[in-house]
Every structure is written in C-alpha cells, then in structure tokens.
Amino acid sequence: MLIYTKHAKDRADFRDIKEIWIEHAIAKPTRLKDAKAGRKQAILKLNGEVISVIYVKDDNNYVIVTVFWGE
C-alpha cells in the first residue's frame, strides 16, 4: 500500500507528476538507490524524462516522502 505524505502530494501536484507514475516507479523502478536517513530513491525513466520518488518502506507500506523530476 502506498501512503502519501502531505508534502509528497503537494509536490506531485505542483510538479504535475501523476500518481500512476509514482506507483510504477515503486513497483518497477529503472534504478533504485539509497537516500538519506534510511530512505530509498526509486528512479523511473518515462517517455524521455526521469522522475524520482523518495520513500520509506514500513512493513507492507511504502510511505512516499517526496517526488521530483530528475535524479
């Protein structure tokens, strides 16, 4: 299950990043990297662009912290 922080929802709306893209980045990232504070960065190449999803895995949930264009 994906859980979005308010910040992540605000950033996705502001940056016009669709929820389906975020779900796809978590499910099948092009690349996965370690991020700060025990978080992960899922990177997805999408139609010539790249999005990054920063998240924390908590049991069976993925808490989406923020999303942005680029790596």
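Could you check how many residues of the range 1-47 are part of a helix (DSSP H, G or I) and under 21 Å from N60 (Cβ atoms)?
Residues flagged as part of a helix (DSSP H, G or I) and under 21 Å from N60 (Cβ atoms) within the range 1-47 amount to 12.
Look through K57, K9 and report the one residue that is of a type in the set (K, R), in contact with a strand residue (DSSP E or B) (Cβ under 9 Å, 6 or more places away or on another chain) and modelled with pLDDT of 95 or more.
K9
The values are calculated or read from the model by the stated rules, or taken from the named source; none is laboratory data. Predicted, not measured: the structure shown is a model, and the values here were computed from it. In this analysis, Cβ positions are derived from the backbone assuming ideal geometry, glycine residues included, and neighbour counts consider all displayed protein chains.
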